[in-house]
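**Q** Below is the structure I would like to discuss, written out as structure tokens.
Every number here is computed from the coordinates shown, using simple stated rules; none is lab data. None of the values given here were measured: they were computed from a predicted structure. Cβ atoms come from the backbone with ideal geometry, glycine included; neighbour counts cover every protein chain shown.
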């Protein structure tokens, strides 16, 4: 009797939690689109509530403030991108790099608002947003280092080389989703080849970091 009552007490709370998480995720999805199309400063909480068709107090309830709402959007977007980009562990190094870049481009292509939020969001040089962006860059650098060198702990020269490549990928990908004149396959091959050039430059300057051999095309 007591156990049954306890289970009955728990179930509504679980369902309520699920509904709460679903509503929060819905608001984040709306916010991705809003902050992609309009700058952070140009959007008021009244604007956000009107677009989301909810009371303004609901947004405060979930996110405390407009900044809290924006940061939740950035963090959620970053989590999705990093999960996809890092989802190739266990593959041979070259295949891992190709799979990582393919996942990265697929994410940018199919989640354009989220990708723009990550790379060039409206808050500008907000320290916390900057830290989130730096976190995703470091995650991509780590993934590429594991694919190229089979380890995460790389020296400053190798890290700087890979970081510079990641930053160039961000700019090229932003341009690509705005003007998709290249196919995703062509874009992926181009970025992988520029990565090969970066890896060879790193090896030339620091021979301990041997670049993987270039992929052979099937004939």
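**Q** In nanometres, what is the gap between the two model label sites at residue 160 and residue 51, each 7 Å from Cα along Cα-to-Cβ?
**A** 4.0
**Q** Say each of residue 40 and residue 109 gets a label point 7 Å from the Cα, pointing the same way as Cα to Cβ; how far apart are those two points in nm?
**A** 3.0
**Q** Which whole-number percent is the relative contact order of segment 71-205 (Cα, under 8 Å, 6+ apart)?
**A** 30
**Q** A further question follows. Kindly rank 54-61, 179-186, 103-110, 69-76 from highest to lowest mean number of other beta carbons found within 10 Å of each residue.
**A** Top to bottom by mean Cβ count within 10 Å: 69-76, 103-110, 54-61, 179-186.
**Q** In nm, to one decimal, how far is the modelled label at residue 194 from the one at residue 95, with both set 7 Å along Cα→Cβ?
**A** 2.7
**Q** Computed on alpha carbon atoms, what radius of gyration and Dmax characterise segment 71-205, expressed in Å?
**A** Cα only, segment 71-205: 14.3, 42 Å (Rg, Dmax).
**Q** Between residue 19 and residue 210, what's the calculated FRET efficiency when r is the beta-carbon distance and R0 is 41 Å? Round to 0.05.
**A** Given R0 = 41 Å and the Cβ-Cβ separation, E is 0.15.
**Q** Quickly rank 30-43, 139-152 as a protection proxy: mean count of other C-beta atoms within 10 Å, highest first.
**A** 139-152, 30-43
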